[in-house]
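**Q** Below is one structure. I have some questions about it.
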Amino acid sequence: MIPLLSRFQNRLRNALRKITFQVDIAPRAMGSVLISFGNTQVICAANIENSVPRWMKEQGVTGGWLTAEYSMLPYSTVPRKNRDSARGKVDGRSIEIQRLIGRSLRAAIDLEMLGSRTIVVDCDVLQADGGTRTAAITGASVAMALACEHLVRRHEISIHPMQKLVAAVSVGIVHSQAVLDLDYLEDRDAQVDLNLVMNESLEFIELQASGEENVFNNDQLASMLAYGREGISQLVEYQRSVLREHNIFIKKSS
Ligand code: UDP
């Protein structure tokens, strides 16, 4: 039995928070999901536009593109966080996170199969309690699958362009022990913070690990990755069951 670390609600060190997906939360979007990792809630919406960025045309790059935006709604945190528009500049953290979301999702899709189109993914944090970027990636993967299915059902493309589902989870070292899916208080106290993005074959897409005024060794990295892999496997199972309910079956490419 893995020892408890006095986590909120006695959660085990290798346990995810309660994960839920509420599909079609934004009816005007081609695909949308409200994902919750415990108290962290993110609205993920995906839309597909029939154009590609100018740089692709200029450089003669074929296929489609995917871009992502991330923001925290003002009332997602206490104290309230001003909107970027009110502050007159986009938060550096948001830019870093939206690039991560974009890179992660581009690894999930065959952009050639998408054709000359751009998937635009919007991730808006409704409630922040740690792990908003990992929840955003996990929810956006489902929103993107729903949006692409739209194109298939309208016979605009013949095969669903998603190759593999993508999920993400945070792992860390808190009080010298590895823990999965950190909430805000754990994140605040973490000696090491690791954001892990993988596809359903458990191949790495991105690994962001940093010591917070601390160092970490090989064994600690190995235990964080082991917990992370367990978390990702569970998240992919949840994603698949949500998509199954909507008769969407992503074929895993080899
Ligand atoms: N946070 C906040 N305001 C901010 C940035 C972060 O309240 O401007 C909180 C929020 O709960 C967030 C947590 O700090 O989930 C951890 O933030 P981090 O930058 O590590 O990103 P995340 O873990 O959300 O991906």
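Read-outs throughout are calculated quantities, based only on the coordinates presented, and are distinct from any laboratory measurement. Since this is a predicted model, take the numbers as computed values, not measurements. Here the Cβ positions follow ideal geometry from the backbone for every residue, glycine too, while neighbour counts run over all protein chains shown.
**Q** Please list the non-local residues whose amide H lies under 5 Å from the amide H of Met72, H modeled 1.01 Å from N, same-chain partners needing a gap of 5 or more.
**A** Val125
**Q** Give me the net charge for the shell around Gly131: Cβ to Cβ below 11 angstrom, other residues only, Lys and Arg +1, Asp and Glu -1.
**A** Here the count lands on -4.
**Q** Per DSSP helix of 4 or more residues, -39500 (n - 2.57); summed, then divided by the residues of the chain. What does that give at 222 nm, rounded to the nearest 500?
**A** So the helix-based figure for the chain works out to -10500 deg cm²/dmol.
**Q** Further, regarding this structure: Relative contact order for segment 1-128 using alpha-carbon pairs under 8 Å, separation at least 6, rounded to a whole percent?
**A** 31
**Q** For Ile109, which sequence-distant residues (separation of 5 or more, or a different chain) have an amide H within less than 5 Å of its own amide H, given hydrogens modelled in the peptide plane?
**A** Close amide H contacts, sequence-distant or interchain: Gln163.
**Q** Quick check: net charge around Ile173, other residues with Cβ under 11 Å of its Cβ, Lys/Arg +1 and Asp/Glu -1?
**A** That sum, taken over residues with Cβ under 11 Å, equals -4.
**Q** Taking amide H positions as placed 1.01 Å from N in the peptide plane, with prolines and chain starts having none, which residues 5 or more places from Gly130, or on another chain, fall under 5 Å of its amide H?
**A** Tyr184
**Q** Please list, in order along segment 109-119, the HN-Hα scalar couplings obtained from phi with the Karplus expression 6.51 cos²θ - 1.76 cosθ + 1.60 (θ = phi - 60°), rounded to whole Hz, x for Gly and Pro.
**A** These are the phi-based 3J(HN,Hα) values: 10, 8, 5, 5, 5, 5, x, 6, 9, 10, 8 Hz.
**Q** Residue by residue through segment 170-185, which ³J(HN,Hα) values in whole Hz follow from phi under the Karplus form 6.51 cos²θ - 1.76 cosθ + 1.60 (θ = phi - 60°), with glycine and proline marked x?
**A** Once rounded to whole Hz, the list reads 9, 9, x, 10, 10, 6, 6, 10, 6, 9, 9, 6, 6, 8, 4, 5.
**Q** Taking springs between alpha-carbon atoms closer than 10 angstrom, which of Ala222, Ala29, Ala147 fluctuates most in the Gaussian network model of the chain?
**A** Answer for the Gaussian network model of the chain: Ala222.
**Q** Next up: With Cβ to Cβ distances under 15 Å as the rule, what net charge do the other residues near Gly92 carry (K, R +1; D, E -1)?
**A** Result for the local shell: +2.
**Q** Per-residue HN-Hα couplings for segment 192-201, Karplus 6.51 cos²θ - 1.76 cosθ + 1.60 at θ = phi - 60°, whole Hz, x for Gly and Pro?
**A** For segment 192-201, the Karplus curve yields 9, 10, 9, 9, 10, 10, 9, 9, 5, 8 Hz.
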